[in-house]
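Taking it in order: structure first as structure tokens, then the write-up.
Since every read-out is calculated from the coordinates, none of them should be taken as a lab result. The model shown is predicted, which means the values in this text are computed figures rather than measured ones. Don't worry about glycine lacking a Cβ; one is built from the backbone with ideal geometry, like all the others, and counts go over all protein chains shown.
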């Protein structure tokens, strides 16, 4: 198994890509801290992992607070005795507008897309040092690599995530702690219908119609949306020994969008 004996955590793990990652990592031998504020979703994922013979600890916290981010790491270490990897997956689509931007919307985007990952990482680094190294993984986006007309604020936050990751990769390399990012394109998760609807909308917007979703699919060179499991597979690679000489990489999982 590719993560046999490893201990890790996944934030935003109650659904979508985070859930797929937690399930996959457990199948590959890891003990997983399943972190989310959705208590019912966390319980379902933990039950799935344990029913399959894996090890998991549910950690219900609000990562908008520094205390919640610290607890995510502390509870994982307390449950399993250490930390070898962390996937900072939590994210938020953010406001669409720049003009007339509501400060509450902006603050939420900063808290969920950037502040939470910095605070979680702050706690994760010493725990990984104690194990002689580790792997940090972040969820960027195609909007980390190219501009997004649908949400400039989201694009700014996700560019910051990749910049943070690259700086950490250089800073922590001498301590055998790697840092990488996965950058998904449109993936079939609950976020997909409410992200990237219209550039002029003040907030997340209404759900996209089937027709709009079909049009959006046409911009993907592979002519389909991705699946959460495909992002989880890329995350597994970046956390496993197979990528032991890879650090500072932002890997697109986007069906070819950023190849244009």
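Some values worked out for this structure:
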item: Mean-position separation - Cα centroids, the range 1-36 and the range 85-131, in angstrom; result: 19
item: Extension gain from residue 242 to residue 122, taking 0.36 nm per residue of separation minus the Cα-Cα distance; result: 40.6 nm
item: Mean residue ellipticity (222 nm) of the chain, computed from DSSP H runs ≥ 4 via -39,500 (n - 2.57), nearest 500; result: -12500 deg cm²/dmol
item: Computed FRET value (nearest 0.05) for residue 175 with residue 216, which takes r as the C-beta separation and R₀ as 41 Å; result: 0.45
item: For the range 7-249: relative contact order, % (alpha-carbon pairs under 8 angstrom, 6 or more apart); result: 20
item: Acute angle (nearest 10 degrees) that the helix 66-80 long axis makes with the longest principal axis of the chain, alpha-carbon atoms; result: 40
item: Relative contact order (%) - criterion: Cα under 8 Å, at least six apart; region: the range 1-145; result: 24
item: Inter-site label distance for residue 227 and residue 50 at 7 Å from Cα along Cβ, in nm; result: 2.8
